[in-house]
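For reference, the structure is listed below as structure tokens.
The values are calculated or read from the model by the stated rules, or taken from the named source; none is laboratory data. Every value quoted in this text rests on a predicted model; they were computed, and no experiment measured them. Glycine also receives a Cβ, built like all others from the backbone with ideal geometry; neighbour counts cover every protein chain displayed. In case anyone asks, the SASA skips ligands and DNA or RNA and just uses the protein heavy atoms, side chains included. Shrake-Rupley method; radii C 1.70, N 1.55, O 1.52, S 1.80 Å.
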Amino acid sequence: MSVTTPTPVRKTTSSRPARSSRRAGTAGLAAALLSPTLLVLLLVIGYPVVAALRLSFQVSSESIDPDTGFKVTATSYGADNYASVFSDDRLLRPWWNTTSFALASVTLEVLIGVAMALVMHRAFRGRALVRAAVLVPWAIPTAISGMLWKWIFNSQGVANEILGAQVLWSSDGFQAWLSVVIADTWKTAPFIGLLVLAGLQIIPGELYEAARVDGASAWRVFWRITLPLVRPALVVAVLFRLLDVLRMFDLPYVLVGPRKHSVETLSMIAFDEMTNLRFGTAAAYATVLFLYVAVVALAFVKLFGADLIGRGTRSET
Amino acid sequence: MSTTTFRLRRSTTVRRGTTRAGRGTAWARRLGIAAIVAYCLAPFYWMVVSSLRRTGDQFSNAPLPAPVSFDNYSAAFDARNGFGRALVNSLVVAGVTTAVTLVVAIFAGYALARLQFRGKTLILTLIIAASMFPPIILVVPLLELFTDAGWINTYQAMIVPSMSFALPLAVWNLTAFFRQMPAELEKAAQVDGCTPAQAFRKVVLPLAAPGVFTTAILVFICAWNEFLIAVSVVNDRQMMTANVIVSLFTGQYKYDQPFGTQMAAGVVVTLPLVVAVLFFQRRIVDGLTAGGLK
């Protein structure tokens, strides 16, 4: 005890000045290397977010100047945009569409994705081919896949042929909502499968070996070993997917179309306001969505403890 | 003696039991793999098949196009559609976005992976938070800004906002990649008389080439898939990207959507990515999983 304690003490005292001076040097270098990235992010994210906030509180009113008779536009600040957004259920429908898409799609994607990962786990022939196949839905641009599913869900399309039904998918209503969920699930369930597979592959085989020796059932092994150990990977995958679906635009916009009540998301309604040059309300809708996404993200991280930057702050555990 | 034989016999039966079960699960697995491949490829297959039908067979739901026709492809490239030009636009926007993003992200990724400094966690958090913004909140004020600046219908109006999602993705991936490289290499180069900058340029960068390449593929695919920004800041058909113009095809039918033509255009837009995925599937999977988790 008395022999071992002096050594680390001496070590830290001798290395402390050297390390702190090196840190001062690296701080400068780090600042130089990081400044372009931070500058770009400030420009393409920082500025627009602040500008959108400002815009959302901006109220312009047109009136006739009594002296000159010309039309004048007065700009003032107030909560009028939010008042109109929060009135008459204008927000409720797109909010519910956004939320229900997220709940339904992510649940389906997790179930299918985990099943896929479990099947793909373990070495097998043709691994490369399967991996490529799994990446195809992810690689197809969402707008193009929206078109593809619109074609599949056409009244004379292959979906109705297979189902032997005459569903008018892309008109509006529940079936339109369902078609978006199906298309989104197709596109991203394989992606979740890939991330979960990556998580599965770092689980040491000895654990399964031990479980088999102990005579655990496959179901028990899944609940007690696989699921807890793959949880970090799954939590991060679900978080990314959740945030992605909440801001969904391309898929319902192309697959069903704009201004369809059953599929219009918060992003779409903000876009619609923007294209009609009502920038104030557009910014208000976008801000509401932004806050909603932030709240969901925070709540999710708090609830499930997603370790997003774990690899950045400490060494591999 | 008797106990050993018993034990032996028991172990053989157990082994036989597991192999039989193993054979059963092997078949189940093969079936599962087939189901996954079918699930992933069937809609894409339908796009290809639909694109190869004659215009008259458009609503046929036969699993194979008979006869095979390339009418839809020539229709897609019809001058009225401006599809060729749109492909060039897509290529320019996605290509420039990728190139600029990589240059900026390499420095940041290297700093975040190698250097110890205060506020690193904060910067990593900021970068991950940056990738979570709903693009619509960025587009609304940018559209107003670009309108005032006369940037509507320009490449830069699409490239600059695209960096909002491309840059966090690239920095994140490159950080993960640089961290996997042994730090001793740069130290050795510096011992041999290189300055840190030289060590980075002559030793680190060539070795990091595979990681940079992987990141480039991911960023390019994301930029190529972008839709919301492109549809917002461009209203001139000459400047539209492929994704946007395909959704606006009118073709020769006036009231009905020309699905055959759209499917053909969709195949053209998607095929380079599918080929890239086939060739680089391993790298892409590495890149996708390195970003969020490993």
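Looking at the stretch A:87-116, which of the residues that are at pLDDT below 85 and either of a type outside the set (S, T, N, Q) or under 30 Å from A:ALA233 (Cα atoms) (or both) is least open to solvent (accessible area, probe 1.4 Å)? Quick ask: steps written out before the conclusion?
So the first thing to find is which residues in the stretch A:87-116 are at pLDDT below 85, and the list is A:87-90.
Then keep just the ones that are either of a type outside the set (S, T, N, Q) or under 30 Å from A:ALA233 (Cα atoms) (or both); that gives A:88-90.
Numbers: A:ASP88: 129, A:ASP89: 113, A:ARG90: 76 Å².
Per the criteria, the residue is A:ARG90.
Pull up the stretch A:175-207, narrow it to residues that are charged (D, E, K, R) and modelled with pLDDT of 90 or more, then point me to the one that is nearest to B:PHE44 (Cα to Cα). Spell out the reasoning first.
If we filter the stretch A:175-207 for residues that are charged (D, E, K, R), which is where we start, we get A:184, A:187, A:206.
Filter again for modelled with pLDDT of 90 or more, leaving A:184, A:187.
On the way: A:ASP184: 14, A:LYS187: 11 Å.
Of everything passing the filter in the stretch A:175-207, A:LYS187 is nearest to B:PHE44 (Cα to Cα).
Kindly indicate whether A:ALA210 is surrounded by fewer than 18 Cβ atoms within 10 Å (Cβ to Cβ), at pLDDT below 85 and in the same structural domain as A:SER170 (by TED's automatic domain parsing).
Numbers: surrounded by fewer than 18 Cβ atoms within 10 Å (Cβ to Cβ): yes; at pLDDT below 85: no; in the same structural domain as A:SER170 (by TED's automatic domain parsing): yes.
No; evaluated as a whole, the condition is false for this residue.
I'd like the full set of residues that are within 7 Å of another protein chain (Cβ to nearest Cβ), in a helix (DSSP H, G or I) and free of Cβ contacts under 8 Å to residues at least 60 places away in the same chain, limited to the stretch B:127-137. Talk me through it step by step, then tell me what you get.
Kept after step one, since they are within 7 Å of another protein chain (Cβ to nearest Cβ), are these residues of the stretch B:127-137: B:128, B:130, B:132-137.
Imposing the further condition that a residue be in a helix (DSSP H, G or I) reduces the set to B:128, B:130, B:135-137.
B:ILE128, B:ALA130, B:ILE137 - these are the residues of the stretch B:127-137 that are within 7 Å of another protein chain (Cβ to nearest Cβ), in a helix (DSSP H, G or I) and free of Cβ contacts under 8 Å to residues at least 60 places away in the same chain.
When you look at B:LEU87, is it away from chain A (no Cβ under 12 Å), part of a helix (DSSP H, G or I) and within 24 Å of the chain's Cα centre (by Cα), yes or no?
Values: away from chain A (no Cβ under 12 Å): yes; part of a helix (DSSP H, G or I): yes; within 24 Å of the chain's Cα centre (by Cα): yes.
Yes; evaluated as a whole, the condition is true for this residue.
Given (1) among the aromatic types (Phe, Trp, Tyr); (2) part of a helix (DSSP H, G or I); (3) closer than 24 Å to A:SER145 by Cβ; (4) touching a Ser or Thr at 6+ places or on another chain (Cβ under 8 Å), where does B:PHE279 come up short, assuming only one miss?
Of (1) among the aromatic types (Phe, Trp, Tyr); (2) part of a helix (DSSP H, G or I); (3) closer than 24 Å to A:SER145 by Cβ; (4) touching a Ser or Thr at 6+ places or on another chain (Cβ under 8 Å), only one is false for B:PHE279: (4).
Quick check on the stretch B:103-119. Is at least one of its residues in a helix (DSSP H, G or I), among the small types (Gly, Ala, Ser), touching a residue at least 40 places away in the same chain (Cβ under 8 Å) and within 7 Å of chain A (Cβ to nearest Cβ)? Outline the logic, then answer.
To start, the set of residues in the stretch B:103-119 that are in a helix (DSSP H, G or I) comprises B:103-114.
Retained after the next criterion (residues that are among the small types (Gly, Ala, Ser)): B:105, B:108-109, B:111, B:113.
Among the residues that remain, those that are also touching a residue at least 40 places away in the same chain (Cβ under 8 Å) are: B:105, B:108-109, B:113.
The next check asks that each one be within 7 Å of chain A (Cβ to nearest Cβ); those that pass are B:105, B:108.
Yes, the stretch B:103-119 contains a residue that is in a helix (DSSP H, G or I), among the small types (Gly, Ala, Ser), touching a residue at least 40 places away in the same chain (Cβ under 8 Å) and within 7 Å of chain A (Cβ to nearest Cβ).
In the stretch A:123-147, which residue that is open to solvent by less than 10 Å² (accessible area, probe 1.4 Å), farther than 15 Å from A:GLY193 by Cβ and touching a Lys or Arg at 6+ places or on another chain (Cβ under 9 Å) is nearest to the other protein chains (Cβ to nearest Cβ)?
Among those that are open to solvent by less than 10 Å² (accessible area, probe 1.4 Å), farther than 15 Å from A:GLY193 by Cβ and touching a Lys or Arg at 6+ places or on another chain (Cβ under 9 Å), it is A:ILE140.
Can you find, within the stretch B:175-200, the residue that is modelled with the lowest pLDDT among those that are open to solvent by 60 Å² or more (accessible area, probe 1.4 Å) and under 25 Å from B:ILE127 (Cα atoms)?
Ranking the candidates gives B:ALA197 first.
Filter the stretch A:65-86 for residues that are exposed (fewer than 11 other Cβ atoms within 10 Å of the Cβ) and among the aliphatic types (A, V, I, L, M) and give the result.
Hits for the stretch A:65-86 are A:VAL72, A:ALA74.
Report yes if A:GLY257 is touching a residue at least 12 places away in the same chain (Cβ under 8 Å) and either in contact with a Lys or Arg (Cβ under 6 Å, 6 or more places away or on another chain) or on the phi > 0 side of the Ramachandran plot (or both), otherwise no. I'd like the intermediate steps shown before the answer.
Numbers: touching a residue at least 12 places away in the same chain (Cβ under 8 Å): yes; either in contact with a Lys or Arg (Cβ under 6 Å, 6 or more places away or on another chain) or on the phi > 0 side of the Ramachandran plot (or both): yes.
Against the criterion (touching a residue at least 12 places away in the same chain (Cβ under 8 Å) and either in contact with a Lys or Arg (Cβ under 6 Å, 6 or more places away or on another chain) or on the phi > 0 side of the Ramachandran plot (or both)), A:GLY257 qualifies.
Have a look at A:LEU266, A:LEU242, A:LEU251 and point out the one that is crowded, with 16+ Cβ neighbours inside 10 Å and either farther than 25 Å from A:ALA115 by Cα or away from every other protein chain (no Cβ under 12 Å) (or both). It would help to see each step written out before you state the result.
Working: A:LEU242 fails: either farther than 25 Å from A:ALA115 by Cα or away from every other protein chain (no Cβ under 12 Å) (or both); A:LEU251 fails: either farther than 25 Å from A:ALA115 by Cα or away from every other protein chain (no Cβ under 12 Å) (or both).
Among A:LEU266, A:LEU242, A:LEU251, only A:LEU266 is crowded, with 16+ Cβ neighbours inside 10 Å and either farther than 25 Å from A:ALA115 by Cα or away from every other protein chain (no Cβ under 12 Å) (or both).
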